[in-house]
Amino acid sequence: MLEQATTLDLADDFSGSQEVTAIARERLGELAAPPPGLALELAFAEARVTFRARRFPEAAAALQAVADAARAQHREDVETAAELLLGPSLVEAGELDQAREMFSQLIARLDARGDRFHLGAAYGNRAWLWSALGEVERNADDQRIAVQLAREVGHALLERAATYNLAEDRLWQGASDEAVRLARRSLALQQSHGEGASRFDRLLLARILAARLERRELGELLITLTTEDQPPDERIVLGVLSAVAEDADNARWETALAEVDTLDAAHRLELAHLAAITGHLSGDRRTDIIALASIDSIWSRRLTEF
């Protein structure tokens, strides 16, 4: 069952993975003497569920406990898997120095033992740290290394993850030519090799097309996205993208932007930038966005675009 939970997690079916993990916990409790290795793997699966639920301080504590126990049991596989999620959890929990040290040690250890697959994953996940620190160039460098390592080992899903992250980073930096190439590559990898849906990749491509004001292709892509179930945050993003695609008037833009403030800062700035380049960002909203952009590591370099 734990293998099934991992498979569902890799397919982005986090709720399914959580359900299977809960059943595994019940069945493990029925055993008089659970094998230590099985108990460790279940503890990791439960910590992973907590991570996917974005309860990062709780996840960091659980993943650290799993990594420590795995090290004591000489289970390098579980220790590595736990630390790959521990790093981002520490970043989100505000423990940046601890995350930096952990990533440094993990990357050195994986490199020393020639584990190219997990080394690529570690470089890819360290993007969380560089993003939090505003280290734009280091972030891009790590993602490029992750892409190269994924190609070396022939792992399409690892390449897709790093390519996706790099495409989004280049979008936010205004390098739309490279961003759109990377997004198309990410989508192609997910469609040809992915276990899960391609929705995230299609949405990223739509965001980049909107930034490039390529309205025809954007409109065609939005048809596939708006006919599927939409989580609340995505519905807000799609509303703004649709306003770009349809070259909407001021009234439509006001409606589209009304809920943008509920999103995280990065996506608020991205969507506000779309309003700005189409001539629909003004007044207090523009003042607030410029103030937010001025303290952002990436968008502070693009203030004149608002």
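The values are calculated or read from the model by the stated rules, or taken from the named source; none is laboratory data. Predicted, not measured: the structure shown is a model, and the values here were computed from it. Note that each Cβ is placed from the backbone with ideal geometry, even for glycine, and that neighbours are counted across all protein chains shown. Remember, those area values only see protein heavy atoms, side chains included, never the ligands or the DNA or RNA. Shrake-Rupley method; radii C 1.70, N 1.55, O 1.52, S 1.80 Å.
In the condition set (1) modelled with pLDDT of 80 or more; (2) in a helix (DSSP H, G or I); (3) not aliphatic (A, V, I, L, M), E3 is compliant with all but (1).
What's the number of the condition N165 fails, among (1) open to solvent by less than 30 Å² (accessible area, probe 1.4 Å); (2) in contact (Cβ under 8 Å) with a residue 24 or more places away in the chain? N165 satisfies every listed condition except (1). For the stretch 174-288, the helices (runs of 4 or more DSSP H) that sit wholly inside it and include 3 or more residues that are modelled with pLDDT of 95 or more, open to solvent by 70 Å² or more (accessible area, probe 1.4 Å) and among the basic types (K, R) are 176-193. Being touching an Asp or Glu at 6+ places or on another chain (Cβ under 8 Å) and under 17 Å from R54 (Cβ atoms) is the filter; apply it to the stretch 74-128 and report the residue that is least open to solvent (accessible area, probe 1.4 Å). Selected residue: A127. Summed over the stretch 53-73, residues that are open to solvent by less than 80 Å² (accessible area, probe 1.4 Å) and among the charged types (D, E, K, R) total 1.
Note on the stretch 131-146: residues that are surrounded by fewer than 23 Cβ atoms within 10 Å (Cβ to Cβ), closer than 18 Å to E178 by Cβ and either of a type in the set (A, V, I, L, M, F, W, C) or at pLDDT 90 or above (or both) amount to 6. I want to confirm something. Restricting to the stretch 26-52 and keeping residues that are among the charged types (D, E, K, R) and surrounded by 15 or more Cβ atoms within 10 Å (Cβ to Cβ), which single residue is farthest from the chain's Cα centre (by Cα)? Across the stretch 26-52, the extreme among qualifying residues is E41. Total residues in the stretch 291-306 satisfying the condition of being within 18 Å of A211 (Cα to Cα) and either crowded, with 16+ Cβ neighbours inside 10 Å or touching a Gly at 6+ places or on another chain (Cβ under 7 Å) (or both): the figure is 5.
For residues that are over 21 Å from the mean Cα position of the chain (by Cα) and modelled with pLDDT under 95, tally how many sit in the stretch 289-301. The total comes to 3.
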